[in-house]
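A.B. asks: To start, I am sharing the structure in question, which I have written as structure tokens.
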Amino acid sequence: MDLCEQSPSYIRAIAPYQPGKPISELAREMGLDEKKIIKMASNENPLGISPRAKAAIKKELAELGRYPDGNAFELKAALSRRHGVPEECIVVGNGSNDLLEMVAGAFLAPGRAAVYSQHAFVVYPLATQARGATGIVVPAKNYGHDLAGMLAAITPETRVVFVANPNNPTGTFVPGAELEDFLARVPRNVTVVVDEAYTEYLPPELRYDSVTWLKKFPNFVLTRTFSKVYGLAGLRVGFGLMHPDVAELLNRVRQPFNVNSLALAAAVAALDDKKFVAKSTKMNRAGMVKLERALKTLGLETIPSCANFVTFRVSRARTVYERLLRQGVIVRPLANYDMPDHLRVTVGTPKENAKFLKALRTALDD
């Protein structure tokens with residue numbers, strides 16, 4: 001008998017996560033100069049790493065022969081000060097993805113279920129399937145979360161609900177008041193994970209204080225990341241805020257030393273780099289406006305976005321994607337999100353945005 005057949009069928013049925021194509025890979029495949037390739041596929045910060053984080057990394061290099069602080073004392077202390085929550089309410093992860101996996105590991109199993117939206121982050125179904133649980137997919141409403149539909153989809157077997165706000169890959173947004181009302185209606189034996197990976201990109205008029213909900217809803221888990229606006233995608237560091245009992249449970253399934261020393265030091269420094277965050281969000285807002293206007297001028301339908309990317313509909317999306325690759329521009333096809341006629345492009349620097357639009361015009365004309 002094939003050894004792999006000894007693995008549970010739900011594991012063998014998983015379709016591996018497909019990340020955005022790396023610059024080096026495209027250069028090898030098509031013989032392009034890496035320096036002339038732009039990657040606008042993975043919603044990374046085009047400004048790169050926070051200057052304060054870079055300095056902290058250099059300082060930490062001498063200690064790489066030792067294991068990192070497995071309890072992430074300094075990062076938890078910094079997050080506690082920033083968000084006004086006790087340190088025992090904080091769990092750190094190897095990116096916020098790690099937190100999503102921890103929740104799934106702690107609460108899901110065969111015979112249990114998780115609810116999430118159509119067109120939502122692909123890690124939700126992956127984490128669910130990896131535990132042998134049932135994924136309940138609620139049809140999207142205007143490419144975003146239908147909270148009423150998600151509430152109605154909760155069954156006695158449901159143990160987790162995943163909500164991304166803003167949503168990836170569509171950029172849609174649920175107003176804070178609606179999300180809080182949803183939390184109030186969800187049964188208390190169901191953990192609600194609100195994934196706020198892109199929350200720092202929200203304009204001031206849309207921001208809401210989800211941290212205060214922790215006192216109201218013991219079944220609420222809030223996850224955030226340093227991979228986006230803080231520019232630490234390559235280091236993989238995120239965190240979750242939750243009831244201390246839930247945090248204690250997640251720490252049981254958390255891998256030892258799951259966040260490395262460089263990531264811990266960089267995150268502490270980046271958290272305090274308000275100037276870098278302000279510069280990043282300002283450039284993102286300006287770039288978003290220009291990209292959306294240009295795409296509409298080209299006759300392409302866009303999904304209004306509250307994140308750091310724009311998703312747009314284009315006929316023969318796969319062909320256009322490949323034509324962009326040949327010009328050294330990497331964007332993200334969305335067929336695996338049940339959106340075969342859409343592409344997602346990260347808001348880049350003004351120069352990157354201009355190159356993308358020029359390449360797109362060429363791709364559409366070919």
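The values are calculated or read from the model by the stated rules, or taken from the named source; none is laboratory data. No experiment lies behind these values; they were computed from the predicted model shown. Here the Cβ is made from the backbone with ideal geometry for all residues, glycine too, and neighbour counts use every protein chain on show. The protein model used for the area step is the full one, side chains on, heavy atoms only, and it has no ligands, DNA or RNA in it. Shrake-Rupley method; radii C 1.70, N 1.55, O 1.52, S 1.80 Å.
A.B. asks: Check Ser50 against each of (1) surrounded by fewer than 21 Cβ atoms within 10 Å (Cβ to Cβ); (2) at pLDDT below 95 and name the one condition it does not meet.
C.D. replies: Of (1) surrounded by fewer than 21 Cβ atoms within 10 Å (Cβ to Cβ); (2) at pLDDT below 95, only one is false for Ser50: (1).
A.B. asks: Which one is farthest from the chain's Cα centre (by Cα) among residues in the range 333-362 that are touching a residue at least 12 places away in the same chain (Cβ under 8 Å) and open to solvent by 60 Å² or more (accessible area, probe 1.4 Å)?
C.D. replies: Applying the filter and picking the extreme gives Arg361.
A.B. asks: Can you confirm whether Arg318 is at positive phi, of a type in the set (Lys, Arg) and at pLDDT 95 or above? If you could, list the steps in order and put the result at the bottom.
C.D. replies: Numbers: at positive phi: no; of a type in the set (Lys, Arg): yes; at pLDDT 95 or above: yes.
It is false that Arg318 is at positive phi, of a type in the set (Lys, Arg) and at pLDDT 95 or above.
A.B. asks: Also, I was wondering about something else. Write out, first by first residue and then by second, each pair whose Cβ atoms fall under 6 Å of each other, whose residues are 6+ apart or on separate chains, and whose first residue, in the range 130-157, is within 18 Å of Val194 (Cα to Cα) and at pLDDT 95 or above while the second is among the basic types (Lys, Arg) and surrounded by fewer than 15 Cβ atoms within 10 Å (Cβ to Cβ).
C.D. replies: Leu151/Arg185
A.B. asks: Within the range 19-40, does at least one residue satisfy the condition of being closer than 28 Å to Arg285 by Cα, among the β-branched types (Val, Ile, Thr), at pLDDT 90 or above and in a loop (DSSP other than H, G, I, E, B)?
C.D. replies: Of the range 19-40, the ones closer than 28 Å to Arg285 by Cα are 19-23, 34-40.
Adding the requirement that they be among the β-branched types (Val, Ile, Thr) leaves 23, 37-38.
From the residues that got through so far, the ones that are at pLDDT 90 or above too are 23, 37-38.
Now narrow it down to the ones that are in a loop (DSSP other than H, G, I, E, B): 37.
Yes.
A.B. asks: Residues Ser305, Ser280: which one is assigned to a helix (DSSP H, G or I) and buried (at least 20 other Cβ atoms within 10 Å of the Cβ)?
C.D. replies: Matching residue, one of Ser305, Ser280: Ser280.
A.B. asks: If you scan the range 1-28, which residues turn out to be without any contact (Cβ under 8 Å) to a residue 60 or more places away in the chain and charged (D, E, K, R)?
C.D. replies: From the range 1-28, those without any contact (Cβ under 8 Å) to a residue 60 or more places away in the chain are 1-7, 9, 12, 16, 19, 22, 24-25, 27-28; that's our starting set.
Once the filter is applied, which keeps residues that are without any contact (Cβ under 8 Å) to a residue 60 or more places away in the chain and charged (D, E, K, R), the range 1-28 yields Asp2, Glu5, Arg12, Glu25, Arg28.
A.B. asks: Now, a different point. Within the range 1-22, work out how many residues are basic (Lys, Arg) and open to solvent by 60 Å² or more (accessible area, probe 1.4 Å).
C.D. replies: Pass one, the range 1-22, residues basic (Lys, Arg): 12, 21.
Checking which are open to solvent by 60 Å² or more (accessible area, probe 1.4 Å) leaves us with 12.
The total comes to 1.
A.B. asks: Hey, another quick one. Does the range 312-332 contain at least one residue that is open to solvent by 20 Å² or more (accessible area, probe 1.4 Å), in a strand (DSSP E or B), in contact with a His (Cβ under 7 Å, 6 or more places away or on another chain) and in contact (Cβ under 8 Å) with a residue 24 or more places away in the chain?
C.D. replies: First pass over the range 312-332, keeping only residues open to solvent by 20 Å² or more (accessible area, probe 1.4 Å): 313, 315-316, 318-319, 322-323, 326-327.
From what's left, in a strand (DSSP E or B): 313.
Within this subset, residues satisfying the condition of being in contact with a His (Cβ under 7 Å, 6 or more places away or on another chain) are 313.
Checking the rest, the ones that are also in contact (Cβ under 8 Å) with a residue 24 or more places away in the chain come to 313.
Yes, the range 312-332 contains at least one residue that is open to solvent by 20 Å² or more (accessible area, probe 1.4 Å), in a strand (DSSP E or B), in contact with a His (Cβ under 7 Å, 6 or more places away or on another chain) and in contact (Cβ under 8 Å) with a residue 24 or more places away in the chain.
A.B. asks: For the list (1) in a helix (DSSP H, G or I); (2) of a type in the set (A, V, I, L, M, F, W, C); (3) under 23 Å from Val192 (Cα atoms), I need the number of the one condition that Ala55 fails.
C.D. replies: Answer for Ala55: the failing condition is (3).
A.B. asks: Which condition does Phe162 not pass, out of (1) part of a strand (DSSP E or B); (2) closer than 24 Å to Ile49 by Cα; (3) not hydroxyl-bearing (Ser, Thr, Tyr), if it passes all the others?
C.D. replies: Single failed check for Phe162: (2).
A.B. asks: Name the residues in the range 58-77 that are in a helix (DSSP H, G or I), under 22 Å from Ala247 (Cβ atoms) and more than 22 Å from the chain's Cα centre (by Cα), would you?
C.D. replies: Applying the first criterion (in a helix (DSSP H, G or I)) to the range 58-77 yields 58-63, 73-77.
The next check asks that each one be under 22 Å from Ala247 (Cβ atoms); those that pass are 73-77.
Once the filter is applied, which keeps residues that are in a helix (DSSP H, G or I), under 22 Å from Ala247 (Cβ atoms) and more than 22 Å from the chain's Cα centre (by Cα), the range 58-77 yields Phe73, Glu74, Ala77.
A.B. asks: Go through (1) out of contact with any Asp or Glu (no Cβ under 7 Å at 6 or more places or on another chain); (2) modelled with pLDDT of 95 or more and name the single condition Asp272 misses.
C.D. replies: (2)
A.B. asks: Just for the range 160-177: of the residues that are under 21 Å from the mean Cα position of the chain (by Cα) and surrounded by fewer than 19 Cβ atoms within 10 Å (Cβ to Cβ), which one is farthest from Ala106 (Cα to Cα)? Before you say what the answer is, go through the steps one by one.
C.D. replies: Initially, the range 160-177 is screened for residues under 21 Å from the mean Cα position of the chain (by Cα), giving 160-176.
Then keep just the ones that are surrounded by fewer than 19 Cβ atoms within 10 Å (Cβ to Cβ); that gives 175-176.
Values: Pro175: 29, Gly176: 27 Å.
Filtering the range 160-177 for residues that are under 21 Å from the mean Cα position of the chain (by Cα) and surrounded by fewer than 19 Cβ atoms within 10 Å (Cβ to Cβ), the one farthest from Ala106 (Cα to Cα) comes out as Pro175.
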